[in-house]
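What follows is a short report on a single structure.
The values are calculated or read from the model by the stated rules, or taken from the named source; none is laboratory data. Keep in mind the model is a prediction, meaning the values are calculated, not measured. Don't worry about glycine lacking a Cβ; one is built from the backbone with ideal geometry, like all the others, and counts go over all protein chains shown.
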Amino acid sequence: MTLKDNQLFASVAGRGAEIRLFPREEGGLKVGTIAQQSGAPTLLKGLLMAYDRDVGFWTPYTQPSDAAVYTITAASTTATDGTFDLHVDGLDSTFDHDVTAAAMQTALLALLADAGKGYTLTVAATTTNLGTNDGVVTITFSENAGAPTVLADMSNLTGNVHVLAATDAGTQLNGENEVRGVLYTMEGVVTSASEEVQAVIMIEGELHRDDVNTTALRALMGGSPSEAEVDTALQSQALRALSLHVRGLSNVS
């Protein structure tokens, strides 16, 4: 069935307009186990769901609220030549000893985009470049990066090496910050603070951004995400790879 951008469908009498969720005919729905939820909230149909790899259960999508921040600092007498390697979540990039913040940011953003990563970063500097004595560049990851793995190899620098340090390593959410499905149970699900419950979850199919990014649904997500933050989560390439297709989005990555 083709979904039109602004099409609403009548629901069962008394339930108002039905949200637009169209599971794939075979394999689009599954019964999943939802983790214990503090306060035992009632989860509504259309709620974006994540899979917590730490406990092995489904849970509402959580917007991270802790940005990872790393610095690279030149010595008081900085390196005079050579290159250094920066590794971000297994992605490698090589930079000149005197790289500027702007050049580093452009290269790292391109690297993340090519790899289909669902987060971004910014790079700022206290000096013109890392070739300046005591120069510092600060790499700030978007919150949905969680706790990225950041490593550096400074062995190819001539003279004193630069130093990588974590100002804030971020928060590892073990998958809670990755949309992997949509709650499909018509009446919603009453959760429990002491035990797991089961629910029907749409894992493949088509949904509409306007129906899953509402004030009521955002209030049930972890981390109190904004409308823009939920849109960013819905734009993830990983969702399309899982055959969850979102209509009504602009600027899809």
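Of the residues that make up region 221-235, is at least one modelled with pLDDT of 95 or more, surrounded by 15 or more Cβ atoms within 10 Å (Cβ to Cβ) and either assigned by TED's automatic domain parsing to the domain that holds Val99 or basic (Lys, Arg) (or both)?
no
Which of the residues belonging to region 127-148 are surrounded by fewer than 14 Cβ atoms within 10 Å (Cβ to Cβ) and not charged (D, E, K, R)? Working first, answer last.
Here is the first cut: in region 127-148, the ones surrounded by fewer than 14 Cβ atoms within 10 Å (Cβ to Cβ) are 128, 133-134.
Hits for region 127-148 are Thr128, Asn133.
Tell me which strands (runs of 3 or more DSSP E) are completely within region 11-130 and hold 1 or more residues being closer than 30 Å to Leu220 by Cα, or say none if there are none. Walk me through how you get there before you give the answer.
Numbers: elements: 21-23, 29-34, 48-52, 57-60, 69-73, 81-88, 91-96, 121-125.
Those strands (runs of 3 or more DSSP E) span 21-23, 29-34, 48-52, 57-60, 69-73, 121-125.
Results for (1) part of a loop (DSSP other than H, G, I, E, B); (2) of a type outside the set (Gly, Ala, Ser), shown as yes or no for each residue.
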{"position": "Thr138", "(1), (2)": "no, yes"}
{"position": "Ala147", "(1), (2)": "yes, no"}
{"position": "Thr167", "(1), (2)": "no, yes"}
{"position": "Met186", "(1), (2)": "yes, yes"}
{"position": "Val200", "(1), (2)": "no, yes"}
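List the number of the failed condition for Gln105; all other conditions in (1) closer than 29 Å to Gly175 by Cβ; (2) touching an Asp or Glu at 6+ places or on another chain (Cβ under 6 Å) hold.
Failing condition for Gln105: (2).
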